[in-house]
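Notes follow the structure.
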Amino acid sequence: MGKLTYQIKGMSCASCAASIEKETSPMKGVKSAVVNYAMETASFELSDEETTSQIDLNLKKKIESLGFEAIDKESTPTQEESHRPDIGKFLVSISLSLIIFILAMGPAKGWPTQRVNWLIQLILATPIWIWIGLKFQKSFLNFLRTGRSNMNTLVGIGTSSAYIYSFFITVFQQWSLEIGMTQKVYFEAVGFIISFIYLGNYFEDKAKRKTKKALNSLFELSSKLARVRRNDEVEEISIQDVKIGNLIIVRPGEKIPVDGTVVKGSTTVDESMLTGESKPVQKEKGDKVFSGTFNEDGVIEYQAKKVGPDTFLAQIIQYVEDAQNSKPEIQLYADKLSSIFTPIVVIISLITFFSWFFLGPNPHWGNAISNFIAVLVIACPCALGLATPTAVVVATGKASLHGILISGGAILEKAVDIDTVIFDKTGTLTVGKPSVIDFKLRTDQTKEEVLKLTYSLEQYSEHSLARAVNQFVESQLPNSPLDFEPDSFNIIKGKGVEGEVQGKDLLIGNTRLFKERKIPLNDNLKSNQIGSEVFISINNEHTATMIIGDKIKDEVKEVLDSLEKKGIKTILMTGDNEKIASHVANELHLSDFYAECLPMNKSEKIEELQNEGHKVAMVGDGVNDAPALAKADLSIAMGTGTDVAINASDVTLVKGDLNKFLSFMELSNLTMRVIKQNLFLSLIYNSLLIPIAGGILYIFDGPLMPPVLASIAMGLSSISVVTNSLRIKFKENL
């Protein structure tokens, strides 16, 4: 069974993606269709692999007939494209619109003459209508051709009708007078409607681009070259040319290019991008190594076992992409409403035109066209289009000032229904780097002297545990000179260090090292803390013990208690061992925990919870969390974490403060209430005034609504929506 994947150009809202899915799914040879609006991709599973080329051609033709463009998707990170909404275009559009407004209703009204004034407005409005508003006009044309509408269709109908009507009156003024057309132009309405809706599209597009950066960040993790041994010679080749069975040499400070098994040498490898745990892993002959991990301190030679798309890193990339493509798209309320609202308004406007043309008093053309335009202008969804973007802009702006970065309006909607939150451990619940959490010292020893002697050796080690020891010593002796120099120094790989300092033999290392040197461990120096044990021996006597672990963040317990009070289930999911996971889960009173989870395990567990009906949020900070973050209904990344985690997430907590997660949840609830109020306000204006714009009051000897009043009413609806959205900005305690 084959598969075709395209990059889709021209989608303007989530309903566009749904339309493509609906029209392509029944096609011959297509088993399933998934179109992702945020990623701008379409993926098709084929039922007959032999006819792939024909199905490919048919799919592209069908997508093109719907008003979109399908481009073969390359297996490289998506590049930014020039057709995207540009803030510069908005500035041009709003500047021209303000000049038109001054000419139409401001101090320059009627200057220098009415005809010249209208011609200037026409010249200024034309680039707004045909250049900046091109996507809206295309949507209008697509509606005429296919009958399918979206959020942009009504914008296109309203602005095109207002522009063409105004163009006709301006250019053919005498003719328009003869057929009785109302002498009023609506160029300012064209400018402001397109400008504000375009601004909303710009912010939405920024959110879409962010989702793509997750894949780009993952691609950047892989090494581009590999050093391969062939016939006793070592040559550097592209990673794409590595074959299974090749012998690869990796030096200290280099990335592992492909998956394999060590055949010579030993080293420690930073596998935090896989497990999320900061403690390096010792690698000896026979141990497995994985693409994208970092070789710290030794030279190893290993045999390639998995290359290309079969490597562990490639699988993570595929998981992230699949998760983003399978995410249910949450359409904004405005898109849902406009899919119903647009055809109804078009029908009402046509009924209005023909009713006034055939049944109304003279002049037939004037009243028919004037009321037709009034209905379209009053119904043009400027307020409906602003209902979500204005609330989102205010909410995201307020959030950013408090160190919370939100990628779009749909994210705020997702947060409302969350009932389960999964936390990574390292860097999320904990500080994320090794530190000394306990220090035991023999009573007959001087703390300052032992720490200085320890520092004298550890300062020459590059091991991450040594750095933790040094930081501890520096914090304990801030004013003491640490100037002891060792007379001898030796690194014992994977076990510790040894040396002579001021005539004393020092040994610092793990249990294996002390057993090999037959130095008995002092029971009085045992610790109850969970972590890596570092033993210190002076003159072959166990003198002190350090426990190196990962401290729990200060705010974590309070945050978890608050979530529990809200009825939200909290789960720990970590790549660390069960002993450490159990200790942390018990200390924090978490609902449940899962240990020794690889990246795909986390993603699969989230999918299980979703299948059980839960709405799941994932909070993490590492590459290993990326598939889970992409799969979750809501993803939160620590700003102190990796770029790939941040790019795969919906929300970033800039300083990694979990208190901000609670603030985000409160902000989401408030914003969704405001959006619903905005939609109600905009629909009240639109729905109640459409009959009046159509001339229903005329039946009762009432006045007609000129399009200019329709334009003012439309403006008032927008003002009410914007004002209501600003309430978010002044909300306290967020």
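The values are calculated or read from the model by the stated rules, or taken from the named source; none is laboratory data. All of these numbers come straight from a predicted model, not from anything done at the bench. Here the Cβ positions follow ideal geometry from the backbone for every residue, glycine too, while neighbour counts run over all protein chains shown. Only protein heavy atoms, including side chains, enter the accessible area calculation; ligands, DNA and RNA are left aside. Shrake-Rupley method; radii C 1.70, N 1.55, O 1.52, S 1.80 Å.
Assorted remarks:
- Subset of the stretch 367-388 [at pLDDT below 65 and either in a helix (DSSP H, G or I) or out of contact with any helix residue (DSSP H, G or I) (no Cβ under 9 Å at 6 or more places or on another chain) (or both)]: C382, A383, L384, G385, L386
- Consider the stretch 447-500 and keep the residues that are open to solvent by less than 50 Å² (accessible area, probe 1.4 Å) and of a type in the set (D, E). The one that is nearest to S266 (Cα to Cα) is E498.
- Residue match in the stretch 225-233 (condition: modelled with pLDDT of 70 or more, open to solvent by 70 Å² or more (accessible area, probe 1.4 Å) and either part of a helix (DSSP H, G or I) or touching a strand residue (DSSP E or B) at 6+ places or on another chain (Cβ under 6 Å) (or both)): yes
- Of the residues making up the stretch 585-608, those that are at pLDDT 90 or above, open to solvent by 10 Å² or more (accessible area, probe 1.4 Å) and touching a strand residue (DSSP E or B) at 6+ places or on another chain (Cβ under 7 Å) are L590, D592, F593, Y594, K605.
- Cβ-Cβ under 6 Å pairs, at least 6 apart or on other chains, the stretch 515-529 side in a helix (DSSP H, G or I), far side charged (D, E, K, R): L525/K440
- Boolean, M714 is at pLDDT 75 or above and either open to solvent by less than 60 Å² (accessible area, probe 1.4 Å) or part of a loop (DSSP other than H, G, I, E, B) (or both): no
- Any pair with Cβ under 8 angstrom, 6 or more apart, that starts in the stretch 112-135 at a residue that is within 16 Å of Q173 (Cβ to Cβ) and ends at one that is open to solvent by 50 Å² or more (accessible area, probe 1.4 Å) and of a type in the set (V, I, T): L122/V171
- Pairs where the first residue, in the stretch 164-189, is more than 17 Å from N117 (Cβ to Cβ) and the second is hydrophobic (A, V, I, L, M, F, W, C) and not in a helix (DSSP H, G or I), C-beta under 6 Å, 6+ apart: none
- Subset tally (residues that are of a type in the set (S, T, N, Q) and outside any helix (DSSP H, G or I)) for the stretch 155-197: 2
- Meets criteria (among the acidic types (D, E), in contact with a Ser or Thr (Cβ under 9 Å, 6 or more places away or on another chain) and modelled with pLDDT of 85 or more) for D625: no
- On inspection, T182 does not qualify as at pLDDT 70 or above and β-branched (V, I, T).
- Strands (runs of 3 or more DSSP E) within the stretch 569-683 that include 3 or more residues in contact (Cβ under 8 Å) with a residue 24 or more places away in the chain and closer than 26 Å to L313 by Cα: 569-573, 616-620, 634-638, 651-653
- Contacts under 7 angstrom Cβ, first residue in the stretch 476-489 being under 25 Å from K440 (Cβ atoms), partner open to solvent by 50 Å² or more (accessible area, probe 1.4 Å) and among the acidic types (D, E), 6 or more apart: L477/E448; S480/E448; P486/E500
- Residue match in the stretch 534-542 (condition: more than 20 Å from V436 (Cα to Cα), of a type outside the set (S, T, Y) and in contact with a Phe, Trp or Tyr (Cβ under 8 Å, 6 or more places away or on another chain)): no
- Residue in the stretch 684-694 that is at pLDDT 85 or above and open to solvent by less than 10 Å² (accessible area, probe 1.4 Å) present: no
- Matching residues, the stretch 389-424, being at pLDDT 80 or above, open to solvent by 10 Å² or more (accessible area, probe 1.4 Å), closer than 29 Å to D550 by Cα and touching a Leu at 6+ places or on another chain (Cβ under 7 Å): I418
- Out of S464, S488, one residue alone is under 20 Å from G253 (Cα atoms) and among the polar types (S, T, N, Q). It is S464.
- Those helices (runs of 4 or more DSSP H) lying entirely in the stretch 1-105 with at least 3 residues surrounded by 14 or more Cβ atoms within 10 Å (Cβ to Cβ) and at pLDDT below 85: 14-24
- Among (1) polar (S, T, N, Q); (2) farther than 30 Å from E596 by Cβ; (3) loosely packed, with under 14 Cβ neighbours inside 10 Å, the one test that N528 misses: (2)
- When I248 is tested against (1) at pLDDT 90 or above; (2) surrounded by fewer than 14 Cβ atoms within 10 Å (Cβ to Cβ), just one condition goes unmet, and that condition is (2).
- Contact annotation: no residue pair with Cβ atoms under 7 Å, 6 or more positions apart or on different chains, pairs a residue in the stretch 552-568 that is at positive phi with a partner that is surrounded by 15 or more Cβ atoms within 10 Å (Cβ to Cβ) and part of a helix (DSSP H, G or I).
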